[in-house]
Amino acid sequence: MIANLKQSIGQYRSFMDYRYQAYKTELTQLLLQLKNFGLLFLVVLGSAMLGMILLLFLGLGKIIDSSDAPQYGAQMAWLYLLLQSVMLSAMKSAIKNSAQRAFQQTLVKRYWLGFMDIKLLLLSNGWLIASLIIAIDLSVSQWLRVPHFWLFLLLQFVLGILCLYKPIALVYGFLLSAIWATLPLDVSPLLYHSGFVLLFALSTLMVPFNATAKLKLNSLTGFWLLFFMHNSWALIWRGALLLCVFMASKVLLQERADLAAIFSILSLAFVVLFSSSLQFDCRHLYQQYSVFFNMQNKQTAFFVSLFIPSLIVLLLVLVGFVVLFKQANCLLLVIGVVWCLLQQALAQKKPAHYALVWMVITGVLLSFY
């Protein structure tokens, strides 16, 4: 019996080493993909990493100490959970080792797979680790004053599991919880977070909705809808990062209202960046499907349509931009549209110049303030 136990422990350690090596290998490949995407994200997002970490902890402080503004704290918690889910979705394949998943199921017990998934999930969830760092620092009396933080930690852990095994529940859960967090209610932080728990629990019972059955590929509208339904990640990560930019600006404006003009320009710059960069995803489609639409005499219309998704994203986000800053600066909005068109043209024709032009224009706009 002892010999069998030692053998099982040895097998588990070997399996754990294998999964950890596979995890590191896939993360390395993911980082290489980001590096290949362009110098822009390495320079801009890399240099802003320290600021993003500081904003992460500042946001956690707003979530914990939200008794004076419970709805604002709930909205920050919703955004925090959304960004965590986006990050874990990007790392999901590495965490589960999806490429060799079927092979692993023939080697080890099923619960071993689940146990290793959870261990790697906890290792990957920097958002939960940051929350736990603050949680350890809280005293007993402080814990008693912020019981909603217990539920927030629970949500962070459970949403990570849903991300691995039932991602559709996250989609429904975030839609329902977004409505809950924006309703004009005067309730406590504990009730807000209890509502989040209930809504995400209900979302696990919902059946996926198939919206692609009635769409036709030979229609340009149907083509783009099908494309983004099957490649929704291109919109999800951009939307999450734009929400992060907006919420960060909102938090910073509370601290330094005198810098509103600078925050407006920086927010607009990232709006243009994440909107126009969608052109990189669309430009490759022209070579793949130009012959198909040429057969239908729609080649010119198809080429023009390559620019439409970025502009739609830009216009939708600009509405949020105006609502966030509570002022419609027409000049800045016009600059944003023209700037986005310029960046799209560069992404289509001169992708090597895309990052440089974006940084130069951002610097020029900031120099006027």
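It is to be established whether one or more residues within segment 314-325 are at pLDDT below 75, assigned to a loop (DSSP other than H, G, I, E, B) and surrounded by 13 or more Cβ atoms within 10 Å (Cβ to Cβ).
Looking through segment 314-325, none of the residues is at pLDDT below 75, assigned to a loop (DSSP other than H, G, I, E, B) and surrounded by 13 or more Cβ atoms within 10 Å (Cβ to Cβ).
Scan segment 106-133 residue by residue and report those that are basic (Lys, Arg) and at pLDDT 85 or above.
Initially, segment 106-133 is screened for residues basic (Lys, Arg), giving 109-110, 119.
If the condition is that a residue be basic (Lys, Arg) and at pLDDT 85 or above, then 119 is the only one that fits.
Pick from 195, 173: which is farther than 25 Å from residue 94 by Cα and in the same structural domain as residue 95 (by TED's automatic domain parsing)? Full working, then the answer.
Numbers: 173 fails: farther than 25 Å from residue 94 by Cα.
None of the others qualify; the one that does is 195.
Has segment 263-277 got at least one residue that is within 18 Å of the chain's Cα centre (by Cα) and either modelled with pLDDT under 80 or at positive phi (or both)?
no
Got a sec? Which helices (runs of 4 or more DSSP H) wholly within segment 93-137 have at least 1 residues that are within 22 Å of the chain's Cα centre (by Cα) and in the same structural domain as residue 167 (by TED's automatic domain parsing)? Break it down stepwise before answering.
Working: elements: 101-105, 110-124, 126-137.
Once the helices (runs of 4 or more DSSP H) in segment 93-137 are filtered for at least 1 residues that are within 22 Å of the chain's Cα centre (by Cα) and in the same structural domain as residue 167 (by TED's automatic domain parsing), what remains is 110-124, 126-137.
Could you list, in sequence order, the residues of segment 230-260 that are of a type outside the set (Ser, Thr, Tyr) and either exposed (fewer than 13 other Cβ atoms within 10 Å of the Cβ) or not assigned by TED's automatic domain parsing to the domain that holds residue 300 (or both)?
Of the residues in segment 230-260, the ones of a type outside the set (Ser, Thr, Tyr) are 230-231, 233-248, 250-260.
230, 231, 254, 255, 256, 257, 258 - these are the residues of segment 230-260 that are of a type outside the set (Ser, Thr, Tyr) and either exposed (fewer than 13 other Cβ atoms within 10 Å of the Cβ) or not assigned by TED's automatic domain parsing to the domain that holds residue 300 (or both).
The values are calculated or read from the model by the stated rules, or taken from the named source; none is laboratory data. What you see is a predicted model, and the numbers here were worked out from it, not measured in a lab. Cβ: placed from backbone, ideal geometry, glycine included. Neighbour counts: every protein chain shown.
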